[in-house]
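Working notes, beginning with the structure itself.
The values are calculated or read from the model by the stated rules, or taken from the named source; none is laboratory data. These figures come from a predicted structure and were not determined experimentally. Cβ coordinates were reconstructed from backbone atoms using ideal geometry, including for glycine residues, and neighbour counts include every protein chain displayed. Quick note on the areas: whole protein, heavy atoms, side chains included, nothing else; ligands and nucleic acids left out. Shrake-Rupley method; radii C 1.70, N 1.55, O 1.52, S 1.80 Å.
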Amino acid sequence: NTVYIYGLCSISISSISEKFGQKQYIYPQPATDKLYFNSPELITSVKIFNILGKQVLSFKSPESSIAINNLAEGLYLVKIRTKKGEKKIQKLIIKR
């Protein structure tokens, strides 16, 4: 799973979390209608981007889950910001 962004660089989506030693903060994988969070830190915002880099959803101070039933099947990137100001990027696969 390699993503080419504007033809200038490539990112292996399957290795984003492993490369940066990140714990998985979102589940289940693949997801269907809801996305749940498992974070030791308070999450202040969540942004979901499609594979082309366009933001498709945004949430401020989400609860323990968010609805993703309006997103099409496919691969997305989830950008999570914590109260400490840290940013985490994780892949999201939606399958129905």
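Here is how the numbers come out for the structure above:
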| read-out | value |
| --- | --- |
| Residue tally, condition under 14 Å from Gln24 (Cβ atoms) and open to solvent by 20 Å² or more (accessible area, probe 1.4 Å), over segment 76-96 | 5 |
| Qualifying residue in segment 13-36 (condition: farther than 15 Å from Lys95 by Cβ, modelled with pLDDT of 95 or more, surrounded by 12 or more Cβ atoms within 10 Å (Cβ to Cβ) and of a type in the set (Ser, Thr, Tyr)) | yes |
| Segment 37-57, residues that are within 16 Å of Thr82 (Cβ to Cβ) and either among the aromatic types (Phe, Trp, Tyr) or open to solvent by 50 Å² or more (accessible area, probe 1.4 Å) (or both) | Phe37, Asn38, Pro40, Leu42, Lys47 |
